[in-house]
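To start, the structure itself, in structure tokens.
Taken together, the values in this text are just the output of simple stated rules run on the coordinates, not laboratory data. It should be emphasised that the depicted structure is a prediction, and the values quoted were computed from it without experimental measurement. Quick reminder, even Gly has a Cβ in these numbers, built from the backbone with ideal geometry, and neighbours come from all protein chains shown.
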Amino acid sequence: MDVKGFLFDLDGTLIDSRRDIAACVNFTLAALGGHSILSLESVEQMVGDGVRQLLTRAAGPLDEPTMKRALEIFLPYYLDHCTDSTRLYPGVLETLHSFAGRGLAVVTNKPMAHTVKTLKALGLDSFFSVVLGGDSLSTRKPDPAPVVEALRQMGVLPAEAVMVGDSPMDIHAARAAGVRVAAVTYGFRTGAELMSHSPDYLLGAFAELREVLS
């Protein structure tokens with residue numbers, strides 16, 4: 001397969017960030033008051049659709065003033081703590097090095113400031129010519145617009161690209177943009193859930209992405 005560009009989700013795909021996200025969600029819930037502390041497993045199932053949806057799932061429906069307060073608590077606290085325990089998944093650095101010469105992009109629903117800080121802290125920032133966060137455009141995944149924009153900036157056609165992610169949001173965004181998609185089963189969603197959305201490839205480890213090229 002002639003792949004000229006890879007587009008990567010971030011949380012659950014390149015990085016294991018679930019502990020930092022859960023800690024910051026629980027900090028926010030405690031600051032709001034009246035909410036139970038959530039388990040790591042519960043929070044990781046809430047991740048992927050952006051911060052507002054994450055907080056809604058964690059706290060329940062919030063009126064706009066309460067949501068504004070929740071965001072004012074969560075966003076700066078998470079920016080301070082988004083790399084406390086976050087780590088790369090095995091094989092990420094080695095595999096990205098092997099893709100030298102191809103277009104590489106990050107397309108995530110994570111806020112841009114947190115994305116940039118995380119990539120830099122983990123030594124990933126130099127790999128990517130394009131980085132789009134959840135607030136980079138007016139829409140986010142599963143809308144295809146971020147995928148389309150990343151392809152435009154890389155100068156890569158949809159048929160020449162592969163989206164790599166760990167959630168149905170990645171699959172649907174890629175499909176709508178005409179891009180093939182590789183779903184990873186080690187992230188925040190199960191293999192069975194991902195298979196139900198029919199990705200082109202199902203990978204149990206990041207390094208298996210090399211096989212997509214063979």
Q.
Could you give each residue of region 163-169 its phi-based ³J(HN,Hα) in whole Hz, using Karplus coefficients 6.51, -1.76, 1.60 with θ = phi - 60°, and x for Gly or Pro?
A. 8, 10, x, 10, 9, x, 4
Q.
If you average the C-alpha positions of region 55-108 and of region 167-181 separately, how far apart do those two centres end up, in angstrom?
A. 19
Q. With r defined as the distance between the Cβ atoms of residue 79 and residue 2 and R0 fixed at 45 Å, what FRET efficiency is calculated, to the nearest 0.05?
A. 0.70
Q: Would you please give the residues with an amide H less than 5 Å from that of residue 106, counting only those at least 5 places away or on a separate chain, with H modeled from the backbone geometry?
A: 8, 130, 131, 132
**Q.** Length added when fully stretched, residue 143-residue 125, from 0.36 nm per residue minus Cα-Cα
**A.** 4.0 nm
Q: Per residue of region 110-117, in order, report the coupling 6.51 cos²θ - 1.76 cosθ + 1.60 (Karplus, θ = phi - 60°) as ³J(HN,Hα) in whole Hz, putting x for Gly and Pro.
A: 5, x, 4, 4, 6, 5, 4, 4
Q: Would you mind working out the magnitude of the charge dipole of region 160-214 relative to its Cα centre, with +1 at each Lys and Arg C-beta and -1 at each Asp and Glu C-beta, to the nearest 20 Debye?
A: 60
Q. Which of the aspartates and glutamates could a cross-linker span from residue 117 if the Cα-Cα distance has to be under 19 Å and same-chain partners fewer than 8 positions apart are dropped?
A. 9, 11, 16, 20, 72, 80, 84, 125, 135
Q) residue 103: net charge of surrounding residues, Cβ under 12 Å, Lys/Arg +1, Asp/Glu -1, itself excluded? A) +2
Q. With Cβ to Cβ distances under 14 Å as the rule, what net charge do the other residues near residue 210 carry (K, R +1; D, E -1)?
A. -2
Q: Using only Cα atoms, locate the centre of region 19-54 and the centre of region 140-161, then give the distance between them in Å, rounded to an integer.
A: 30
Q. From the Cα gyration tensor of the chain, with a ≥ b ≥ c the square roots of its eigenvalues, which class applies: rounded if a/c is under 1.5, or else prolate if a/b is larger than b/c, or else oblate?
A. prolate
Q | Shape call, region 18-81: gyration tensor on alpha carbons, a/c limit 1.5 | A | rounded
Q: Quick one: work out the % antiparallel among DSSP beta bridges in the chain, nearest 5.
A: 10
